[in-house]
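The values are calculated or read from the model by the stated rules, or taken from the named source; none is laboratory data. Just so it is clear, the structure is predicted and the values come from calculations on it, not from any experiment. Cβ: placed from backbone, ideal geometry, glycine included. Neighbour counts: every protein chain shown. Quick note on the areas: whole protein, heavy atoms, side chains included, nothing else; ligands and nucleic acids left out. Shrake-Rupley method; radii C 1.70, N 1.55, O 1.52, S 1.80 Å.
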Amino acid sequence: MPFIRIRQTPTPEVDLQTTYDAIVVGSGAAGGMAAHVLTSHGMKVLMLEAGKKFDINSELKSMEWPYEHPRRGVMPPSSHALSLNEYTVRQPPYAVGSPFRHVYSYVQGWGGSDYSKNIVVDEKDHPYSGTNYAWVRARLLGGKTNIWGRLALRLSDYDFKAKSHDGYGEDWPISYADLAPYYDKVDLYLGISGVKENLPHLPDSLFQRPNTLAAAEVTLRNTLKKMDRVLTPYRAGVTTDGLKHNKYRSKCFGRGACGRRAGGCDIHAAFDSPTGLIYPAMDTGHLTLRTNATAREVLVDPTTGKARGVAFVDTDSGRDYEARARVVVVAASTLESARLLLLSKSTTYPNGLANSSGHVGHNFCEHVMGPGVTGLVKDRIGQPRTLDDGRPGSFYVPRFRNLKDKNPSFIRGYGFEGGAGTTIFPEHAMETPGFGAGFKKSVRDRAGAYISMGGFGEVLPRFENYIDLDPALKDRWGIPTIRFHYKFGDNEKKMCQDMANAAQEMFEAAGFEILDVNRNMLTEGWSIHELGTARMGTDPKKSVLNQFQQSHDVKNLFVVDGSSHVSASCQNPTWTIMALAWRSCDYLATEFRKGNLS
Amino acid sequence: MSDHDNELSRRDVIKLGAAATAAVSLGVGHAEAQARVGGFLTDSEFAMLDELSEMIIPTDSHSPGARAANVAAFIDSRLAEAWDEKDRSDWRAGLARVDALCQQINGAPFMKSSAEQRSAVLTRMAQNENNPKAQEEIFFKELKSRVVYAYYTSEIGIKQEMEYKGNTYQVEFAGYDVSKER
């Protein structure tokens, strides 16, 4: 039973005769933020979301016990989640020829998949081609913010000025000082939990009540201090003290539901775009929401060369519509935004919209995952049972490579996410040998005695890593799909070797018994942190957008999602996506008022 | 598009019918096969699974075991609706293999053997758990993983055996607040 009853302001019907001030394509972190900021400036906004709008609270049921569900949280047997092996041995499109009625990405293989099957897309409807890629998509109001991992980190000038630091790639057209006030706004408007560490490469946020650490995590934190490294409580994009200005979200009560399933938080303590941004924007009376609306083209006025609206397909009826606006804000996710720009070919823009540089779809980057370590904490064996998952996250180990020193084999860095302690399901039971009373006691005694962490490494942006449109393959609605041309490179491989070694070294130093060291990289895409396909820059020949995420070519077109990022950093992108979108939409609204965009 | 598919489709019903036919051809009475509503296993197969599950996770002084947690019923209902017919045929063959192994070791079928004799059979099945090769070794891995999942997601497994204290509202987060270190 959800205990926050969400009453949404009734949304007006889409008026296809009206010219809106702005159309926002997409409703995730970026689109939600654009809607919030533009409506707060009084602009009339139409939001187009390709997915559905449904009562997510009735879907999530965060507090349902496993045994209250007929399949203990698992989705119906007619549905299938792609495995690592399938992503490895096969090429996309992965659902072709599958005997299952529905095929989903790997996240549906996690526990509690029945609660997220209506959040992630069915691969049968949404095929893609090219090189191996584990592409996770959520098509519904709020997009992937309904299932995000909630690690909310800032970037620093080690990222924004990375080229100046090590010579590779491009600097961002902004510095930390430009974005810091907007990070602050995001912190205060949405809520974030964490502990100040005063690290130059991982700036602190304006934190609410901090997350806590389990006993073994404290041991590791103290060990890392001696190594001049840091373990900090998970910086969770979760309001732990509540938000007086938001009636749709409760503060976190440490129910332990966060780690149990892909699906989100039905008290909305964890940030999601609908309750954090979109419902409040609707309350201004300036936002019109159209769901089941897949944008297929940004329309252009051939005489002015400016964007004039968006053509979309109704996903239920398959009918085509056109909506008009003075400004178009694309926020469909890194890959879908690039796809939309490439789909928007016209006589004025034969290579696709905003693509005079030829960089749309290119410089595609993300985080590499895989290397990690699992350890046994011997002094936790046989201890009285503690509650260790009653908190909105576990721990984060920030980057320590290539800051003051210079690693001889790779550039940039990586961080680790990890956790220790008891969880509702004792995963170690699957690995505990034997059977009978001894097996049962061993599982019981060792509950909470494990600790593990896995790395997230910066993947370098490279022009030759890109997506384009498949010349033949189309999605269920007849729209050309994405074709991947993307592989990890030598820097990622060398970084991952170091990642595994460093993980092992830290656990050994903490006195944990090493049970497993994973040295393999997971399939491209696994981090769900796609970035960079329409990057910002000062040079229109080498970039798609300016520092305000405004197209160099088309002044009334903005692309405010992760596609604008110039490099991936190793820090998770969501908070930066929202800070950038806020800054750009402030600029957009000011320019709009001055008449500079129409 | 995604939807809720809790009802059986026509195709599922046909597949279940095929499973029932397979049960008959294996010499299992049709009436027996249908004795438990919604299940796949015959009564005798079910009794064997129930015993095997309790041997893997038995009742002890700390908490009730797999039998009390209705582990066999959960596994049986998942088998009944499994999408791949092979899941059902592998399980039927696996249980038959346990019986055959018991006959070979003890000279009697599994359910007619003593507790010690049954334990000897399970010990044999578990002997190469990390690298199973023989049919009964592969079946042990499958059996154990299903028993473990069903037991530790049951109310007995979560609340009595593991004494899980979460899934409830906490005034303060569990653990150490390191912001108070300095």
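Could you tell me whether A:Ala81 is under 20 Å from the mean Cα position of the chain (by Cα) and over 21 Å from A:Ile467 (Cα atoms)? Quick ask: steps written out before the conclusion?
Values: under 20 Å from the mean Cα position of the chain (by Cα): yes; over 21 Å from A:Ile467 (Cα atoms): yes.
Here the answer is yes, as A:Ala81 does meet what is asked.
Looking at A:Lys487, A:Lys493, A:Lys594, can you tell me which residue is free of Cβ contacts under 8 Å to residues at least 60 places away in the same chain, under 30 Å from A:Tyr94 (Cα atoms), open to solvent by 10 Å² or more (accessible area, probe 1.4 Å) and not polar (S, T, N, Q)? First the steps, then the outcome.
Numbers: A:Lys487 fails: free of Cβ contacts under 8 Å to residues at least 60 places away in the same chain; A:Lys594 fails: under 30 Å from A:Tyr94 (Cα atoms).
Only one candidate passes the filter, namely A:Lys493.
List every residue pair whose Cβ atoms sit under 8 Å apart, with the two residues 6 or more apart in sequence or on different chains, where the first one lies in the range B:60-82 and is in contact (Cβ under 8 Å) with a residue 12 or more places away in the chain and more than 10 Å from chain A (Cβ to nearest Cβ) and the second, anywhere, is buried (at least 23 other Cβ atoms within 10 Å of the Cβ) and of a type in the set (S, T, N, Q).
Filtered contacts from the range B:60-82: B:Arg67/B:Ser53; B:Val71/B:Ser53; B:Val71/B:Ser154; B:Ala72/B:Ser53; B:Ile75/B:Ser53.
Condition first: more than 22 Å from A:His69 (Cβ to Cβ), in a loop (DSSP other than H, G, I, E, B) and open to solvent by 40 Å² or more (accessible area, probe 1.4 Å). Now tell me which residues in the range B:36-59 satisfy that.
Scanning the range B:36-59 gives a single hit, B:Thr59.
Can you name every residue in the range A:29-62 that is touching a Phe, Trp or Tyr at 6+ places or on another chain (Cβ under 9 Å), outside any strand (DSSP E or B) and modelled with pLDDT of 95 or more? So that I can check it myself, show each step before the final result.
So in the range A:29-62, the residues touching a Phe, Trp or Tyr at 6+ places or on another chain (Cβ under 9 Å) come out as A:29, A:33-34, A:36-38, A:41, A:43-46, A:48, A:50, A:59-62.
Within this subset, residues satisfying the condition of being outside any strand (DSSP E or B) are A:29, A:33-34, A:36-38, A:41, A:43-44, A:50, A:59-62.
A:Ala29, A:Met33, A:Ala34, A:His36, A:Val37, A:Leu38, A:His41, A:Met43, A:Lys44, A:Ala50, listed by residue number.
If the Cβ limit is 6 Å and pairs must be 6+ apart or interchain, which residue in the range A:399-417 that is closer than 22 Å to A:Ile451 by Cα pairs with which residue that is basic (Lys, Arg) and in a strand (DSSP E or B)?
Listed by first residue and then by second, the contacts come to nothing, as the list is empty.
Looking at the range A:58-83, which of its residues are among the aliphatic types (A, V, I, L, M), more than 10 Å from chain B (Cβ to nearest Cβ) and closer than 23 Å to A:Cys258 by Cβ? Even if it seems obvious, please write down each step before you answer.
Step one: filter the range A:58-83 for residues among the aliphatic types (A, V, I, L, M), giving A:60, A:63, A:74-75, A:81-82.
Right, trim to more than 10 Å from chain B (Cβ to nearest Cβ) and you get A:60, A:81-82.
If the condition is that a residue be among the aliphatic types (A, V, I, L, M), more than 10 Å from chain B (Cβ to nearest Cβ) and closer than 23 Å to A:Cys258 by Cβ, then A:Leu60, A:Ala81 are the ones that fit.
When you look at A:Gly390, is it at pLDDT below 95 and in contact with an Asp or Glu (Cβ under 7 Å, 6 or more places away or on another chain), yes or no? Don't jump to the end; show me each part of the working.
Details: at pLDDT below 95: yes; in contact with an Asp or Glu (Cβ under 7 Å, 6 or more places away or on another chain): no.
Against the criterion (at pLDDT below 95 and in contact with an Asp or Glu (Cβ under 7 Å, 6 or more places away or on another chain)), A:Gly390 does not qualify.
Given B:Val178, B:Val171, which one is more than 7 Å from chain A (Cβ to nearest Cβ), over 17 Å from the mean Cα position of the chain (by Cα) and of a type in the set (A, V, I, L, M, F, W, C)? If you could, list the steps in order and put the result at the bottom.
Values: B:Val178 fails: more than 7 Å from chain A (Cβ to nearest Cβ).
Exactly one of B:Val178, B:Val171 is more than 7 Å from chain A (Cβ to nearest Cβ), over 17 Å from the mean Cα position of the chain (by Cα) and of a type in the set (A, V, I, L, M, F, W, C), namely B:Val171.
Scanning for something open to solvent by 20 Å² or more (accessible area, probe 1.4 Å), within 13 Å of chain B (Cβ to nearest Cβ) and not in a loop (DSSP other than H, G, I, E, B), does the range A:222-240 turn up at least one residue?
Scanning the range A:222-240 turns up at least one residue that is open to solvent by 20 Å² or more (accessible area, probe 1.4 Å), within 13 Å of chain B (Cβ to nearest Cβ) and not in a loop (DSSP other than H, G, I, E, B).
Quick one: is B:Glu155 farther than 30 Å from A:Cys252 by Cβ and either at pLDDT 95 or above or more than 8 Å from chain A (Cβ to nearest Cβ) (or both)?
On the way: farther than 30 Å from A:Cys252 by Cβ: no; either at pLDDT 95 or above or more than 8 Å from chain A (Cβ to nearest Cβ) (or both): yes.
Criteria not met by B:Glu155.
Out of (1) part of a helix (DSSP H, G or I); (2) free of Cβ contacts under 8 Å to residues at least 40 places away in the same chain; (3) under 30 Å from A:Ser273 (Cβ atoms), the odd one out for A:Pro210 is which?
Only one criterion in (1) part of a helix (DSSP H, G or I); (2) free of Cβ contacts under 8 Å to residues at least 40 places away in the same chain; (3) under 30 Å from A:Ser273 (Cβ atoms) is unmet by A:Pro210, namely (1).
Name, by its number, the condition in (1) within 19 Å of the chain's Cα centre (by Cα); (2) assigned to a helix (DSSP H, G or I) that does not hold for B:Ala120.
Going through (1) within 19 Å of the chain's Cα centre (by Cα); (2) assigned to a helix (DSSP H, G or I) one by one, B:Ala120 breaks only (1).
Quick check on B:Arg146: is it open to solvent by 20 Å² or more (accessible area, probe 1.4 Å), out of contact with any His (no Cβ under 9 Å at 6 or more places or on another chain) and touching a residue at least 60 places away in the same chain (Cβ under 8 Å)?
Details: open to solvent by 20 Å² or more (accessible area, probe 1.4 Å): yes; out of contact with any His (no Cβ under 9 Å at 6 or more places or on another chain): yes; touching a residue at least 60 places away in the same chain (Cβ under 8 Å): yes.
Answer is yes for this residue.
Evaluate the range A:347-369: report whether one residue or more is in a helix (DSSP H, G or I) and free of Cβ contacts under 8 Å to residues at least 60 places away in the same chain.
Residues of the range A:347-369 in a helix (DSSP H, G or I): none.
The answer is no; no qualifying residue exists.
Residue-wise test of (1) modelled with pLDDT under 95; (2) open to solvent by less than 30 Å² (accessible area, probe 1.4 Å); (3) of a type in the set (Ser, Thr, Tyr); (4) touching a Ser or Thr at 6+ places or on another chain (Cβ under 9 Å).
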| position | (1), (2), (3), (4) |
| --- | --- |
| A:Ala331 | no, yes, no, yes |
| A:Ala338 | no, yes, no, yes |
| A:Leu341 | no, yes, no, yes |
| A:Pro350 | no, no, no, no |
| A:His359 | no, yes, no, yes |
| A:His362 | no, yes, no, yes |
| A:Gly372 | no, yes, no, yes |
| A:Pro384 | yes, no, no, no |
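Does the range A:542-557 contain any residue that is hydrophobic (A, V, I, L, M, F, W, C), assigned to a strand (DSSP E or B) and in contact with a helix residue (DSSP H, G or I) (Cβ under 8 Å, 6 or more places away or on another chain)?
Initial filter on the range A:542-557 (hydrophobic (A, V, I, L, M, F, W, C)): A:544-545, A:548, A:554, A:557.
Then keep just the ones that are assigned to a strand (DSSP E or B); that gives A:545, A:557.
Those still in the list that are in contact with a helix residue (DSSP H, G or I) (Cβ under 8 Å, 6 or more places away or on another chain) too: A:545.
Yes, there is a match, as at least one residue in the range A:542-557 is hydrophobic (A, V, I, L, M, F, W, C), assigned to a strand (DSSP E or B) and in contact with a helix residue (DSSP H, G or I) (Cβ under 8 Å, 6 or more places away or on another chain).
State yes or no: is B:Tyr149 within 8 Å of another protein chain (Cβ to nearest Cβ), part of a helix (DSSP H, G or I) and of a type in the set (Phe, Trp, Tyr)?
When the stated conditions are applied, B:Tyr149 passes them.
To keep it simple, each residue is scored yes or no on (1) more than 14 Å from every other protein chain (Cβ to nearest Cβ); (2) of a type in the set (S, T, N, Q).
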| residue | (1), (2) |
| --- | --- |
| A:Phe425 | no, no |
| A:Ala429 | no, no |
| A:Phe435 | no, no |
| A:Lys440 | no, no |
| A:Asp445 | no, no |
| A:Ser452 | yes, yes |
| A:Val459 | yes, no |
| A:Arg462 | yes, no |
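What tally of residues in the range B:83-109 results from selecting those that are in contact with a helix residue (DSSP H, G or I) (Cβ under 6 Å, 6 or more places away or on another chain) and small (Gly, Ala, Ser)?
1
How many of the residues in the range A:378-415 are more than 14 Å from chain B (Cβ to nearest Cβ), part of a loop (DSSP other than H, G, I, E, B) and at negative phi? Reasoning before the result, please.
From the range A:378-415, those more than 14 Å from chain B (Cβ to nearest Cβ) are A:378-379, A:381, A:398-415; that's our starting set.
Cutting the leftovers down to part of a loop (DSSP other than H, G, I, E, B) gives us A:381, A:398-413.
Now drop any that are not at negative phi, which leaves A:381, A:398-401, A:403-411, A:413.
Qualifying residue count, the range A:378-415: 15.
Could you please find all residues in the range B:157-173 being surrounded by fewer than 22 Cβ atoms within 10 Å (Cβ to Cβ) and in contact (Cβ under 8 Å) with a residue 60 or more places away in the chain?
B:Gln160
Tell me which residues, restricted to the range B:126-176, are at negative phi and touching a strand residue (DSSP E or B) at 6+ places or on another chain (Cβ under 8 Å).
Initially, the range B:126-176 is screened for residues at negative phi, giving B:126-162, B:164-166, B:168-174, B:176.
Passing the criteria: only B:Tyr176.
Can you name the number of the only condition in (1) over 28 Å from A:Gly73 (Cβ atoms); (2) open to solvent by 70 Å² or more (accessible area, probe 1.4 Å); (3) of a type in the set (Lys, Arg) that B:Lys141 fails?
That leaves (1) as the condition not met.
Among the listed residues A:Lys124, A:Lys144, A:Lys117, A:Lys44, which satisfies the condition of being of a type in the set (Lys, Arg), within 14 Å of another protein chain (Cβ to nearest Cβ) and closer than 22 Å to A:Thr275 by Cα?
Working: A:Lys124 fails: closer than 22 Å to A:Thr275 by Cα; A:Lys144 fails: within 14 Å of another protein chain (Cβ to nearest Cβ); A:Lys44 fails: within 14 Å of another protein chain (Cβ to nearest Cβ).
Just one listed residue meets the conditions, A:Lys117.
Report yes if some residue within the range B:105-114 is within 17 Å of the chain's Cα centre (by Cα) and facing chain A (nearest Cβ under 9 Å); otherwise report no.
Taking the range B:105-114 as the starting set, the residues that turn out to be within 17 Å of the chain's Cα centre (by Cα) are B:110-111.
From what is left, the residues that are facing chain A (nearest Cβ under 9 Å) are none.
Looking through the range B:105-114, none of the residues is within 17 Å of the chain's Cα centre (by Cα) and facing chain A (nearest Cβ under 9 Å).
For B:Leu101, work out the one condition from (1) more than 11 Å from chain A (Cβ to nearest Cβ); (2) open to solvent by 10 Å² or more (accessible area, probe 1.4 Å) it doesn't fulfil.
It fails just one condition, (2).
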